């Protein structure tokens, strides 16, 4: 008898040793409820501690409410959804669907010049003089409507007084067929009463091309940005690094990168569409966004964050597949799959093990259901703690005796 | 690529004025660098460097390119094989005018991508203790740039800001063309730069910066092209073929550079 073989992703195992201890999972990352906490958002002063204390390691469910981790900013007719969308397979969980829709100019006074559908990492505000790590991930669909204006898909923005308007210190921007990084900074005061204060048209502005998205192979794809910022608005001080999809794309030292700010810099992702006057009302600009991840200054490797993104997530779950045995009475092949949580944070119920890419003629006999054309099995575990493992039994009908292979995916949370 | 190539006006300017950089009026009738004009237009760094004049390796026509080589025989010491236009010393700050530069480098088909990063073009300052404001280099399969600047009145290498990023892929057997427009400044919120690669049009620079200091105070700047390394090559030898440095005055246009460099011109 020739045993069918399981294709084992080497990357799952190879990346399993990465440490993630510095990622602030209590102030960023996944949500399990796309809504408000019944008790309201946690107060600033006690948020992290309260959130942490509220977590019950042995609880059946530990809700991570949207409003405890993120603020939302949805303008005019734009929409923000959460669920299973293109890109969820790689992300391994529900993601945000951000749709910036061009509003009708005649419906609003004053006439809108921009619109947005964004989520803001609530606890990401960081002052100058501090180091902070960020991860923002964007899935650009094949249907992306190219536009000759800036569509900002991720930002590290600055909190400023109401009368001060400046561009974000860091922005990831789609412009026509290009994906760009824009950087803005100034050493000037943010006091509007000071004659020479920060303004858009006096700030240093740089645009660096990160890549092109006009080729079809560059779309229906995640772009994952890990950033290390040593925030500074002092000339000659500060640093900034950005990795895109695991590759260092920009590295600055002794370079200021921020503005004077009372509140600090914060991260957000979504679709921010500008120059609406040139666009057709009703036109949707849809993309998908993963959760924002934050990490402390003592993080030592960009991989701590990268492994949580859809681009590097293979490192967050170690998968070990057993061989398959053939049962001559049932004519089925059975094996087990061991899943170990290497992410450094708890993976919460429901946990679904998905098997996309099974060859024709091979079906999963013990599936819980199908999602996006692929079978999945729901794990009995309520929560998979960091370092903990769960085992899934897989039973296949395979009348054609084909080689059994698939791409293992562990989904966490609802979708 | 056009069969006639004409970057800058170096020779004529040398004859009429001492300050060449102030006299460049535009990109005109440049026919490449060869044995007949090299000594009038260029100097080598170091002096007396062995150089070979060659044809365009991708077309076999058009003389006017220089082949330069380095070997790893000097045990990892810094070394260079450069050509540098004579009498080009562009000012920064209040005296700066917009200036164009074009650099082209051909990587031979046997280029070792596993060697250590190596610089193929620079714009250096008159203060040799400071990093070059522009350093173009090959790092593995990427063509990268490091931009260095310092706003201080007494700058040091340790206090100089440096920004490094990828401009395009580095491909053996192909020309790589980088042209840039600059207004040099060592003062905060002053200075501009645009960089294009491989013949892309004026509306699609790979990098642009405004109100961003990009040099040092009270220095002059000089472009040069060829090989430079601060240490070991990581491979037995390096050889490149380079074009002469193309310069342009404020009225030059991106399309002129695009037309006169040995890279394919994109159709889109």
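Since every read-out is calculated from the coordinates, none of them should be taken as a lab result. Values in this document were obtained by computation on a predicted structure and should not be read as measured data. Here the Cβ is made from the backbone with ideal geometry for all residues, glycine too, and neighbour counts use every protein chain on show.
Among A:403, A:360, A:388, the residue with the largest mean-square fluctuation in a Gaussian network model of chain A, with springs joining Cα atoms closer than 10 Å, is A:360. Here is the size of chain A from its Cα atoms: Rg then Dmax, 22.9, 86 Å. Taking 0.36 nm per residue of separation and subtracting the current Cα-Cα distance, fully stretching the chain between residue A:253 and residue A:278 would add 5.2 nm.
Spin-label pair residue A:159-residue A:39: with each label point 7 Å from Cα along the Cα-Cβ axis, the two points sit 2.3 nm from one another.
The Cα atoms of segment A:272-348 give a gyration tensor whose axes a ≥ b ≥ c have a/c of 1.5 or more with a/b no greater than b/c, which makes the shape oblate.
Peptides B:67-77, A:25-35 ranked from most to least packed, by the mean per-residue count of other Cβ atoms within 10 Å: A:25-35, B:67-77.
Distance from the Cα centroid of segment A:266-320 to that of segment B:183-228 is 31 Å (rounded to whole angstrom).
List the residues of segment A:166-202 whose backbone N lies under 20 Å from a point placed 7 Å from the Cα of residue A:216 along the Cα-to-Cβ direction. The answer is A:177-178, whose backbone nitrogens lie closer than 20 Å to the label point. Roughly speaking, what is the centre-to-centre gap between segment B:117-145 and segment A:350-374 when only Cα atoms are used, to the nearest Å? Cα centroid of segment B:117-145 versus Cα centroid of segment A:350-374: 53 Å apart. Assuming a ≥ b ≥ c are the square roots of the Cα gyration tensor eigenvalues, decide whether segment B:115-207 counts as rounded (a/c under 1.5), prolate (otherwise, with a/b larger than b/c) or oblate. Because a/c hits 1.5 or more and a/b fails to exceed b/c, segment B:115-207 counts as oblate.
Shielding of peptide A:106-114 by partners, expressed as the average count of other chain Cβ atoms within 10 Å per residue Cβ, is 0. When peptides A:163-175, B:45-57 are sorted by average Cβ neighbour count within 10 Å, with the highest value leading, the order is A:163-175, B:45-57. Here the simple spin-label model places points 7 Å from the Cα toward Cβ, and for residue B:53 and residue A:320 these points are separated by 6.9 nm. Computing FRET efficiency as 1/(1 + (r/R0)^6) for residue A:300 and residue A:338, where r is the C-beta to C-beta distance and R0 is 22 Å, gives about 0.20. Counting, for every residue in A:248-254, the Cβ atoms of other protein chains within 10 Å of its Cβ and taking the mean gives 6.
Take each residue in A:194-206, count the other chain C-beta atoms within 10 Å of its C-beta, and the mean is 3. Put simply, the C-alpha atoms of segment A:97-142 give a gyration tensor, and the ellipsoid matching it has half-axes of 31, 18, 8 Å, longest first. Is chain B rounded, prolate or oblate when judged by the Cα gyration tensor, a ≥ b ≥ c being the square roots of its eigenvalues, rounded requiring a/c under 1.5 and prolate requiring a/b larger than b/c? Note, shape of chain B comes out rounded.
Based on C-alpha pairs under 8 angstrom that are at least 6 apart in sequence, chain B has a relative contact order of 28 percent.
Taking Cα centroids, how far is segment B:34-89 from segment A:225-242 in Å? The distance from the Cα centre of segment B:34-89 to that of segment A:225-242 comes to 38 Å.
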